[in-house]
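Worksheet: the structure to be examined is printed underneath.
The values are calculated or read from the model by the stated rules, or taken from the named source; none is laboratory data. Being a predicted model, the structure only gives us computed values, none of them experimental. Here Cβ is always computed from backbone atoms with ideal geometry, including for glycine, and neighbour counts include all displayed protein chains.
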Amino acid sequence: MSVGNMFDRSKIHSVTLSILCALVVGLLVPLGVGMVISFNTERAHLKDVLFHYQDTALESLAQGVEDDLLSFSPDGALDLANVFLKDERVVSITVYSSVFEMFLVQITKQTSVQRYMSHSRRKTIIKNGEDLGYVEIAVDYGWIEPVMDVSRKRTMALFITMFVGVMALIIPFLYFRILKPLKRLSGQAEQLSNGDLEFSCEWKGRNELSILGRTLEDMRVKLNANFNHILKMAVTDELTGIANRRAFFQEAQKLLELCKRHSHSYSLAILDIDWFKKINDNHGHSVGDEVLREFAQLIAGRVRKTDVFARYGGEEFVLCMPETSLPAALGLLEKLRREIAEHEFSHGEKLTFSVGLAEMSDVSSLAFVLEQADLALYDAKHKGRNRIVTA
């Protein structure tokens, strides 16, 4: 799997969606549970308040009608009952006299139009061991619902405000700390996957995404260094350090096509060190290798930067000279030949080289120019070496 596939944009989108879903669920579930707990707590509290009021009202009514039961005074009991009945929570009040075996008060708010969820409690009145009767108060259990509706709306508004506020704080944080770095990582990985090893990306911070970004950047730097090293090895002669045969053919072909397109001169020479086998036989191959390195560096330091100088094989070298006519190339090579002939190499001896020189025509191919230069080199060797022969 390539690095880019690790950070596919569709996966980035799925990660974003997963994070947002987790965030929403992580907030909504606790908030929802909190609301349910809050509603149940509020309902239980209202129920306690209602029943506490019912017990208090029942006790007060019992004390208030005690004398009315003894004296059989329905009007006094009725007046007191009407006072309690004004409270919206009270549905009905009953006062019964056991002494006279009849009701002193029996009133209710309930009509055929409005039905209440009544919850009744009764208290027996006993004085000096005598049962005087009882009082009964019924309260509306449904009174809790309107109060709960108000509380529910208030609580939901509070929780929605909290949710929106938290999301307003978290989403920008999530974008700048996670989603934006993920998008940047995706672009960085895509560049690596496409082979763009020159694209650099600087990461700051100590979080995991920054560490991953720096890891990818380190990977890019190392890959780029390895790639350049391999590329250099692929086009560099290991012994002499100059261009090898592969590099020569790549560059020389490009220069040939360019010169043909613009009708410019193009000369090519093959150089061969004279009697090189004697150096290996007399001094050994290690000295021969050193002579090849020294010869290559001497020539490479004297040709133009626009020329292509490469090791062609063994003790043969090739020099491609674009924008150079045959007479100009001949003059350059003659100068090189004299300088090399006067140079004392590290093994304490001087050497010479032979050259086959050819010039491109309008219909020439690189292979043809090389063949002509090679024939000219063969001729130079047969004519006594240490000379330049043109094709």
List every residue pair whose Cβ atoms lie under 7 Å apart, where the two residues are 6 or more positions apart in sequence or sit on different chains, the first residue falls within segment 356-367 and is over 19 Å from Glu316 (Cα atoms), and the second residue, located anywhere, is in a strand (DSSP E or B). Met360/Tyr266
Please enumerate the residues belonging to segment 350-379 that are under 58 Å from the mean Cα position of the chain (by Cα), of a type outside the set (A, V, I, L, M) and assigned to a loop (DSSP other than H, G, I, E, B). Ser361, Asp362, Ser364, Ser365
Considering only residues that are under 30 Å from Glu145 (Cα atoms) and either charged (D, E, K, R) or not assigned by TED's automatic domain parsing to the domain that holds Lys47 (or both), which ones fall in segment 71-113? Asp79, Lys86, Asp87, Glu88, Arg89, Lys109
For segment 219-258: of the residues being out of contact with any Phe, Trp or Tyr (no Cβ under 9 Å at 6 or more places or on another chain) and among the basic types (Lys, Arg), which is modelled with the lowest pLDDT? Lys232
Test for Glu344: is it at pLDDT below 95 and more than 19 Å from Ala376 (Cβ to Cβ): yes
Please give the helices (runs of 4 or more DSSP H) falling wholly within segment 263-349 in which 3 or more residues are closer than 30 Å to Ser361 by Cβ, aliphatic (A, V, I, L, M) and out of contact with any Phe, Trp or Tyr (no Cβ under 6 Å at 6 or more places or on another chain). 326-342
Surrounded by 13 or more Cβ atoms within 10 Å (Cβ to Cβ), outside the structural domain of Ser361 (by TED's automatic domain parsing) and closer than 17 Å to Val318 by Cβ: does that describe Leu239? yes
Would you check which residues across segment 291-307 are β-branched (Val, Ile, Thr), touching a residue at least 40 places away in the same chain (Cβ under 8 Å) and in contact with a strand residue (DSSP E or B) (Cβ under 7 Å, 6 or more places away or on another chain) and list them? Ile299
